[in-house]
Structures are given as structure tokens and as C-alpha cells.
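Each remark here refers to the structure printed beneath this line.
The values are calculated or read from the model by the stated rules, or taken from the named source; none is laboratory data. Source: prediction; values computed, not measured. Cβ sites come from the backbone with ideal geometry, for glycine too, and all protein chains shown count toward neighbours.
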Amino acid sequence: SQQGEEDPQALSIQEGENATMNCSYKTSINNLQWYRQNSGRGLVHLILIRSNEREKHSGRLRVTLDTSKKSSSLLITASRAADTASYFCATHSGTYKYIFGTGTRLKVLA
Amino acid sequence: DVKVTQSSRYLVKRTGEKVFLECVQDMDHENMFWYRQDPGLGLRLIYFSYDVKMKEKGDIPEGYSVSREKKERFSLILESASTNQTSMYLCASSLFARSGTGGAYEQYFGPGTRLTVT
């Protein structure tokens, strides 16, 4: 089955820097979503971008979607220690299924 | 705020036991999901339900069954627990996306149950 793949698998940055993570997927989609997971907890929805959108903002988050390249990126600006978490992309393509990637582990150093 | 609760945060069971994991959501969502999460494998869908008494198999249903007798409650059952079912189990719910709404809604997750089978 299709699977989103995040890149990089792990990222370590200093507080205040920007963090960028990427997601690639294999088939056409209706929308793509990004989730955050703090260590050992459930996932929290961050942002949803539909297939006819190219860019979306929410607070310090900026998501882009390039359907021709089947890829998306999540940018977190002015990162904080509290942003330390794993980030997952999930694609939805017209069925009930959401396909999750394997995640990017972000560590923000104070 | 949507709240999804799971019956246990941590659970230790013996091989061969029947295990019940319960999930309850309080926002009248039609869709409910059970995933397992393993390092390096991401989230994998076990079962999905879009209505009371309705269920669909996900990618890895073997060794599991589900029950949805009430809209707010979705149970995952391990018929005979095995050590390879040691994992983090995550329940989620979402609204049902009608056709023409542009796709699925976001999922709301419970805190997870870390199950260890010895």
C-alpha cells in the first residue's frame, strides 16, 4: 500500500531556528495532514491541506503541497523546546484510509 | 474539544490471554479507527468502523477483532495475545466526510495503550 515517507528521519536544531521536514507519497490524494506526537502519547492534528491548495499557514507552521512531485513540506519557524516531538504526515485518497508515514523526530535544543 | 479516551495507558498480559482495549469518543463522530504503532513502521491500520456494528479490515487485521455496539465506543480484541502483538495501540475518531466535501476530516487520537505481551 502507499506510504508517506518523511525526511529526514531525525532532526536536531537550536531553539529559535527553523525546522523543515518533508513528506513524499506515492498515489494521488484528496488531502494531506500533518500530526505531532509527543513522546509516548497520542497524535495531535496540526494542519490539513487539500489537493487543490499549494500552501497553508497556521501560526508558526507553514505547509506546502506539490502534487506534481507528490511531496509536502512542513516548516516550523522560530522553534521552541516544546516543539520537540515526532511529526507525521498522513495522506487521504478517497477511501476511509489515512496512510501515515514513519515520522520525523525533531529535537529542539534550548 | 474532542476527547478520545482509552481504557488503559499501560497493560501487561500473558501469551494466550484474551485482551480487550476500549476506546470512547465524546464528539458523536461516525468514524473510529484502531492503529498499532511500532518503531520504524509508523502507524498501521488494524480496523476501521464508520457506523455502529459496521467494520472494515485495515492493513493488519490478523489476530484482532473489533466491536462497535454504540456510536461512541470502539473496542479492539486480541483473541489470543502473542508476543508479536506487543505494541502501542492508538484509537482515533473523525467525522465522516460526505462526498463533495473535499476529502476526509482530521483524526482525533486517544493517548494510546502500551501493551506488553509476555
Open item on the list: Exactly one of these conditions fails for B:L41: (1) facing chain A (nearest Cβ under 8 Å); (2) surrounded by 19 or more Cβ atoms within 10 Å (Cβ to Cβ). Give me its number.
Closed with: (2)
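Please specify each residue of region A:79-103 satisfying the condition of being small (G, A, S) and either more than 13 Å from the chain's Cα centre (by Cα) or more than 7 Å from every other protein chain (Cβ to nearest Cβ) (or both). Before you say what the answer is, go through the steps one by one.
Of all residues in region A:79-103, those small (G, A, S) come to A:79, A:81-82, A:85-86, A:90, A:93-94, A:101, A:103.
Hits for region A:79-103 are A:S79, A:A81, A:A82, A:A85, A:S86, A:A90, A:S93, A:G94.
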Task: Count of residues meeting criterion [farther than 14 Å from A:M21 by Cα and either free of Cβ contacts under 8 Å to residues at least 40 places away in the same chain or in a loop (DSSP other than H, G, I, E, B) (or both)] in region A:67-110 - done: 13
Open item on the list: Looking at B:L76, B:L43 in this structure, which one is over 30 Å from A:D7 (Cα atoms) and assigned to a strand (DSSP E or B)?
Closed with: B:L76
Open item on the list: Report every pair of residues separated by at least 6 positions or lying on different chains whose Cβ atoms are under 6 Å apart, first residue within region A:53-65 and assigned to a strand (DSSP E or B), second modelled with pLDDT of 95 or more and among the acidic types (D, E).
Closed with: A:T64/A:E55
TODO: Within region A:18-30, track down each residue that is surrounded by fewer than 23 Cβ atoms within 10 Å (Cβ to Cβ), touching a Gly at 6+ places or on another chain (Cβ under 8 Å) and in a strand (DSSP E or B).
DONE: A:S24
Task: Lone unmet requirement of (1) at pLDDT 95 or above; (2) surrounded by 15 or more Cβ atoms within 10 Å (Cβ to Cβ); (3) of a type in the set (K, R) for B:K55 - done: (1)
Task: Positions within region B:7-30 being more than 21 Å from A:Q33 (Cβ to Cβ) and in a strand (DSSP E or B), in sequence order - done: B:Y10, B:L11, B:V12, B:K13, B:V19, B:F20, B:L21, B:E22, B:V24
Task: The listed residue being within 11 Å of another protein chain (Cβ to nearest Cβ), touching a residue at least 60 places away in the same chain (Cβ under 8 Å) and not in a loop (DSSP other than H, G, I, E, B), out of B:F96, B:F48, B:F33 - done: B:F33
TODO: Specify the residue that is farthest from A:A10 (Cα to Cα); the eligible residues are those in region B:51-73 that are assigned to a strand (DSSP E or B) and among the hydrophobic types (A, V, I, L, M, F, W, C).
DONE: B:M54
